[in-house]
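Notes follow the structure.
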Amino acid sequence: DAGVTQSPTHLIKTRGQQVTLRCSPKSGHDTVSWYQQALGQGPQFIFQYYEEEERQRGNFPDRFSGHQFPNYSSELNVNALLLGDSALYLCASSSTLRTGGNSPLHFGNGTRLTVT
Amino acid sequence: QKEVEQDPGPLSVPEGAIVSLNCTYSNSAFQYFMWYRQYSRKGPELLMYTYSSGNKEDGRFTAQVDKSSKYISLFIRDSQPSDSATYLCAMTSNAGGTSYGKLTFGQGTILTVHP
């Protein structure tokens, strides 16, 4: 049973560029959440997708956008990259339809983004 | 002031010691409390989750929640070198619907258990 998978594992981009990160949720999960974890900090909630719609959003600018596909996989897009966007980006999946939302998050191992 | 405060440590203990990890929070709406373990270069792994106040035990791990004091703890008994990791507390206000996805995390405590 595959867990949450993220790609790529590492990425180096230049300031001002755009980046797309990908996530496949754990089998049986239908909800995907994205988090940003800066070095030495806890993860910060970016947004959550369920039924292909953004359901909740944290305190992140519009440069951060996402998408969820019919197979429940998800993408995180970041435009106009800043040096401060360098972080570990974590995807987490859970089950909403089956559990009514009482489903703990399962995290992937993240994509480490470096902006130079 | 951050909603969730966690002492970043680092904490270094000998093998076999009892470890106590703590978080305080300011948002009284938080009802669901979790502890995650994160090894280097890995994603967080769920260890324990509890609802409201009380204790929960799972093997060597015990989670305690005191909502009146806005204080949660994780105890690790008979600590092992394999317990060396960053421990993150997390919490959310309402697990209904999809809100379980919006967790607020502490900064994380770095724990090293030496043989």
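The values are calculated or read from the model by the stated rules, or taken from the named source; none is laboratory data. Quantities reported herein were computed from a predicted structural model and do not represent experimental measurements. Quick reminder, even Gly has a Cβ in these numbers, built from the backbone with ideal geometry, and neighbours come from all protein chains shown.
Just a few scattered comments:
Conditions tested, residue by residue: (1) in contact with a helix residue (DSSP H, G or I) (Cβ under 8 Å, 6 or more places away or on another chain); (2) buried (at least 19 other Cβ atoms within 10 Å of the Cβ).
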residue: B:Pro8; (1), (2): no, no
residue: B:Tyr25; (1), (2): no, yes
residue: B:Tyr71; (1), (2): no, no
residue: B:Gln80; (1), (2): no, no
residue: B:Cys89; (1), (2): no, yes
residue: B:Ser93; (1), (2): yes, no
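- For the residues A:Ser94, A:Ser65, the requirement of being surrounded by fewer than 22 Cβ atoms within 10 Å (Cβ to Cβ) and of a type in the set (Gly, Ala, Ser) singles out A:Ser65.
- Test: B:Asp66 is on the phi > 0 side of the Ramachandran plot and acidic (Asp, Glu): no
- Within the range A:1-38, considering residues that are more than 24 Å from A:Ser95 (Cα to Cα) and among the small types (Gly, Ala, Ser), the one surrounded by the most Cβ atoms within 10 Å (Cβ to Cβ): A:Ala38
- Boolean, A:Gly40 is within 11 Å of chain B (Cβ to nearest Cβ) and at positive phi: yes
- Where strands (runs of 3 or more DSSP E) fall entirely within the range B:1-49, those with at least 3 residues that are at pLDDT below 95 are at B:32-38.
- For the range A:1-86, the strands (runs of 3 or more DSSP E) that sit wholly inside it and include 3 or more residues that are farther than 22 Å from B:Gly108 by Cα and of a type in the set (S, T, N, Q) are A:5-7.
- Residue pairs whose Cβ atoms lie under 7 Å apart, separated by 6 or more positions or on different chains, with the first residue in the range A:23-47 and in contact (Cβ under 8 Å) with a residue 12 or more places away in the chain and among the small types (Gly, Ala, Ser) and the second surrounded by 24 or more Cβ atoms within 10 Å (Cβ to Cβ) and part of a loop (DSSP other than H, G, I, E, B), are A:Ser33/A:Leu105.
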